[in-house]
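Please treat every number below as a calculation from the coordinates, not as lab data. Not measured: the values here are computed from a predicted model. When we count neighbours, we look across all protein chains shown, and the Cβ atoms used for this are built from the backbone with ideal geometry, even at glycine.
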Amino acid sequence: MQSAPVFLCRDDDLAERASRGFDPWNDGHDTVLLVRHGGEVFGWRDACPHHGGTPMAWRKDAYLNYDRNRIVCAAHGAQFDIESGACVMGPCLGQSLQRVALTITAQREIYIRPEGGEDTIRPGGGEET
């Protein structure tokens, strides 16, 4: 997919219990989403596993349910655990979102890493790329 880390945002640009979409590969639409939950940042492909990778937000950056404790696919109503990506309700039970590898630098910048990279995000910060 990509060969070098791609900058997404600064760590402080993503509030607790917030989500945000990104287009790191310049596809013309958001293909990655970030969610901050429990002090950690989780990165997922913006593609519901139920039907051909359908984009999940019902409007820009709107990936969470009303309680802001699950990721929701607006097209199918499927709900996913923020931390594991597992479908916990809806038509794709037993399936999961695809995790994207992230790095938070010492400067608190969040990058998506090339495929196959090891995830280094930890609560309260991470390692440098």
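Projecting the Cα positions of 110, 98, 77 onto the charge dipole of the chain (unit charges on Cβ atoms of Lys, Arg, Asp and Glu, taken about the Cα centre) puts 77 furthest along the positive direction.
Below 13 angstrom from the Cβ of residue 70, what's the summed charge of the other residues (Lys, Arg +1; Asp, Glu -1)? If you can, show how the numbers build up before the last one.
Values: positive: 17, 68; negative: 67, 81, 83.
Net charge in that neighbourhood comes out at -1.
Dividing the Cα radius of gyration of segment 6-117 by 2.2 N^0.38 Å, with N the residue count, gives 0.99.
Please give the net charge around residue 93, taking every other residue with its beta carbon less than 15 angstrom from that of residue 93, where Lys and Arg add +1 and Asp and Glu add -1. Net charge around residue 93: 0. Which of 88, 72, 100 moves most in a GNM of the chain, Cα contacts under 10 Å? Taking springs between Cα atoms under 10 Å, the residue moving most is 88. Using the Kirkwood radius over Cα pairs, work out the Stokes-Einstein diffusion coefficient for segment 23-79 at 4 °C and 1.567 mPa s, in µm²/s as a whole number. For these conditions, the coefficient is 110 µm²/s. Put a plus charge on the Cβ of each Lys and Arg, a minus charge on the Cβ of each Asp and Glu, and nothing anywhere else: the dipole of segment 6-117 about its Cα centre is then about 140 debye.
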